[in-house]
Amino acid sequence: MQKDFLESSESIFLNDAALDYNFIPGILLHREGQQAYIGNSIKLLEQGRNGRNLFIFGAPGIGKTLATKYVLKQVENNSDEIMPIYVNCWKHDTSYKILLEICNLIDYKFIQYKATDQLMKDVKLLLNKKSIVLCLDEIDKLQDFSILYYFLEDIFKRSLIFITNDKGWINNIDARLNSRLYADKLEFKPYNYDETLDILKQRLEYAFVKNVFEKGCLELIAKKTFELNDVRAGIFLLKEAGDITEARASKKITMDDVEKAVSRLQEFKIKQDSELNNEQNEILELVKKHSGKQIKDIFNHYKKGVSYRTFRRRLEELRDAKLITLEEKSLGDRGKVAYAYFGLNKKLVEF
Ligand SMILES: Nc1ncnc2c1ncn2[C@@H]1O[C@H](COP(=O)(O)OP(=O)(O)OP(=O)(O)O)[C@@H](O)[C@H]1O
Ligand SMILES: [Mg+2]
């Protein structure tokens with residue numbers, strides 16, 4: 001007879017790395033059109049010509065980064081002439097830091113005591129030996145634009161790909177820069193329910209031993225994910241449900257386990273902590289400690305010499321990453337007060 005409980009040496013996870021947000025599946029589902037579009041922007045480089053620039057936008061957690069990385073990986077595997085470079089501007093938010101990251105990626109070590117200009121001079125000699133696809137993800141976090149001018153002027157064969165949630169970003173940059181970029185625009189729309197289900201099913205098959213989910217579990221996870229419009233939420237739920245099941249040493253993930261996982265969505269951090277820079281992490285910790293207080297009081301606890309405006313901007317970034325919730329209450333004639341809460345808005349998770 002088959003046992004329903006799990007021995008300590010057993011696991012219902014086949015490969016839990018497949019539940020990492022950065023995992024790249026072997027087949028990319030439901031982004032065929034976008035994949036082809038990105039590929040076409042790069043295609044001219046294959047013919048030894050200058051590539052096109054591309055501005056990708058859309059809501060969080062709907063495959064923008066994944067689809068782009070997928071195409072870059074294919075380029076890397078299929079061509080010696082084209083070098084794809086991917087940099088996340090959340091982690092590297094100035095031209096100097098991006099250049100340092102590029103040096104790191106191309107293994108260029110002579111960076112000490114060099115300013116941005118000099119680094120670019122060195123880097124351009126190396127990059128111009130090939131065609132370059134430079135993908136700057138989360139481009140709205142970039143604080144200065146000299147890197148863009150450098151690439152437009154000094155790199156001869158290149159495609160620039162920008163990714164952001166902020167549809168208006170490209171229209172708010174300097175008009176001259178905008179017209180020089182002459183970027184095509186590619187919108188990512190959220191997945192529908194069936195697509196969400198397919199994608200989560202694929203993850204589940206990579207991550208779990210066969211037949212561990214009871215009937216209806218996957219559909220419930222897909223439904224919640226579809227309501228939140230964010231595949232990361234679904235991956236979180238798969239993982240949580242698995243952990244909850246293992247914690248009670250069972251081999252079967254039940255609806256009850258999934259319900260419990262759903263109740264933990266409140267703690268769900270859509271962006272991983274490692275994607276935050278130090279300042280954002282410190283401020284996130286502070287909001288966690290003082291959740292529900294007025295923003296100006298929380299600011300008073302932050303003794304780091306940044307202006308209130310900068311502090312507010314960091315809070316907005318954390319809100320955009322769905323890590324905290326901001327709320328304003330009107331005091332009538334006496335203006336408004338603003339509060340910050342740790343975690344997602346209750347309304348979003350209490351379905
Ligand atoms: N079509 C898909 N197939 C498999 N996994 C997917 C698909 N679309 C999204 N995912 C997964 O969902 C998660 C979020 O996707 P991704 O990181 O690409 O989102 P994004 O659109 O770049 O979001 P953000 O704007 O917040 O950066 C990732 O873990 C990714 O692997
Ligand atoms: Mg992304």
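The values are calculated or read from the model by the stated rules, or taken from the named source; none is laboratory data. Note that this is a predicted model, so its numbers are computed, not measured. With ideal geometry, Cβ positions are generated from the backbone for all residues, glycine too; neighbour counts draw on all protein chains shown. What goes into the accessible areas is simple: the full protein's heavy atoms, side chains included, and nothing from ligands, DNA or RNA. Shrake-Rupley method; radii C 1.70, N 1.55, O 1.52, S 1.80 Å.
Looking at the chain, send over the antiparallel percent of its DSSP beta bridges, to the nearest 5.
Restricted to the chain, the bridges split so that about 30 percent are antiparallel.
Please give the charge dipole size of the chain, origin at the Cα centre, charges +1 on K and R Cβ atoms and -1 on D and E Cβ atoms. Round to the nearest 20 debye.
880
From largest accessible area down, sort Ser250, Ser263; use a 1.4 Å probe on the protein chains.
If we order Ser250, Ser263 from most to least accessible, we get Ser263, Ser250.
Highest mean first, what order results for 18-30, 298-310 on Cβ atoms within 10 Å?
18-30, 298-310
Ordered by residue, what ³J(HN,Hα) values in Hz, to whole numbers, does region 216-231 give under the Karplus form 6.51 cos²θ - 1.76 cosθ + 1.60, where θ = phi - 60° and Gly and Pro are x?
Listing the rounded values in order: x, 5, 4, 5, 5, 4, 5, 5, 5, 5, 5, 5, 7, 6, 8, 4 Hz.
At a probe size of 1.4 Å, how large is the accessible area of Thr94, to the nearest 10 Å²?
30
So how far, in whole Å, is the C-alpha centre of region 1-52 from the one of region 171-202?
Cα centroid to Cα centroid, the span is 18 Å.
Mind listing the long-range amide H neighbours of Phe208? Cut-off is under 5 Å, sequence gap 5 or more, other chains count too, H placed in the peptide plane at 1.01 Å from N.
Those qualifying (amide H under 5 Å, at least 5 residues apart or on another chain) are Leu14, Asn15.
Within region 1-85, report the GluC sites (Glu not before Pro) that DSSP leaves as loop and that have at most 14 other Cβ atoms within 10 Å.
Passing sites in region 1-85 are Glu7, Glu10, Glu81.
Per-residue HN-Hα couplings for region 281-295, Karplus 6.51 cos²θ - 1.76 cosθ + 1.60 at θ = phi - 60°, whole Hz, x for Gly and Pro?
Per residue, the Karplus-derived 3J(HN,Hα) values read 5, 4, 5, 4, 4, 5, 5, 4, 5, 10, 3, x, 8, 5, 4 Hz.
Using a Cα distance threshold of under 19 Å, what count of lysine pairs results for region 191-267 when pairs must be 8 or more residues apart or interchain?
Count of close lysine pairs: 25.
If you take the charge dipole of region 32-188 about its Cα centre, with +1 on Lys and Arg Cβ and -1 on Asp and Glu Cβ, which of Ser179, Ser79, Phe57 is farthest toward its positive end?
Working it through, the farthest residue towards the positive pole turns out to be Ser79.
What list of ³J(HN,Hα) couplings, whole Hz, do you get for region 154-163 from phi and the Karplus terms 6.51, -1.76, 1.60, once you set θ to phi - 60° and write x for glycine and proline?
Once θ is set to phi - 60°, the couplings for region 154-163 become 9, 9, 7, 10, 7, 10, 9, 10, 10, 10 Hz.
Explain nothing, just the number: dipole magnitude of region 273-349 about its Cα centre with +1 on each Lys and Arg Cβ and -1 on each Asp and Glu Cβ, in debye rounded to the nearest 20.
320
Can you give the net charge of the other residues whose Cβ lies under 15 Å from the Cβ of Ser79, counting K and R as +1 and D and E as -1?
Summing Lys/Arg as +1 and Asp/Glu as -1 gives +3.
Find, among the GluC sites (Glu not before Pro) in region 197-304, those assigned to loop by DSSP (not H, G, I, E, B) with at most 11 other beta-carbon atoms within 10 angstrom. Can you show the working numbers first?
On the way: sites: Glu205, Glu214, Glu219, Glu227, Glu240, Glu246, Glu259, Glu267, Glu275, Glu279, Glu282, Glu285; in loops: Glu214.
Listed in order of number, the matching sites amount to none.
If you take the charge dipole of the chain about its Cα centre, with +1 on Lys and Arg Cβ and -1 on Asp and Glu Cβ, which of Gly39, Leu148, Thr164 is farthest toward its positive end?
Checked the options; the winner is Leu148.
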